[in-house]
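Just so it is clear, none of the values below were taken in a lab; they were calculated from the coordinates. Quantities reported herein were computed from a predicted structural model and do not represent experimental measurements. Methodologically, a virtual Cβ is constructed for each residue, glycine included, from the backbone with ideal geometry; neighbour enumeration extends over all protein chains shown.
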Amino acid sequence: MSKIPRNFKLLEELEKGEKGLSAESISYGLSNQDDITMTHWNGTILGPPHSSHENRIYSLNIVCGEKYPDEPPKVNFLSKINLPCVDGEGNVVVSQFETLKNWKRSYSMETVLLELRKSMASTSNKKLVQPPEGSTYA
């Protein structure tokens, strides 16, 4: 089986993100439309209902390095959030987030965003006290 080149994979993800073909609870797209390397992305996650994240919109930065999709993207929250897999600067810690820790080439930015949302809604995390709405990492 042949490997899909990085640019083809990212173009596919860009098209899906721009056309809104991903889940309604998330969105993603290029940070800068002139980024021909398709490295820097923005993501948003709508907080899951029946949790301390309900009615919140979380903004994230996603960086797809040169080795993406063979290696996971670097993901960090711009919106402050209290989740075990996110450090004090908003970075999603690879070793504490299964999707990044056990990365597969078939995963995508959509996979990461949906799994983060699922983590917010999990029994152990859905009642965690959250920083004031609208607060961001410096």
_FRET E, pair Lys67, Lys127, Förster distance 30 Å, beta-carbon r, rounded to 0.05_ = 0.20
_Within region 96-138, trypsin sites (Lys or Arg not before Pro) in DSSP loop having at most 14 other beta-carbon neighbours inside 10 Å_ = Lys104, Arg105, Lys127
*Find how much the distance from Ile4 to Leu21 grows on full extension, using 0.36 nm per residue of separation minus their present alpha carbon separation; answer in nm with one decimal.*
4.1 nm
*How long is the gain from Thr136 to Glu89 if the chain were fully straight, where each residue apart is worth 0.36 nm and the alpha carbon distance is subtracted?*
16.0 nm
*Taking the highest mean first, how do the peptides 87-93, 59-65 order by number of other beta carbon atoms within 10 angstrom per residue?*
59-65, 87-93
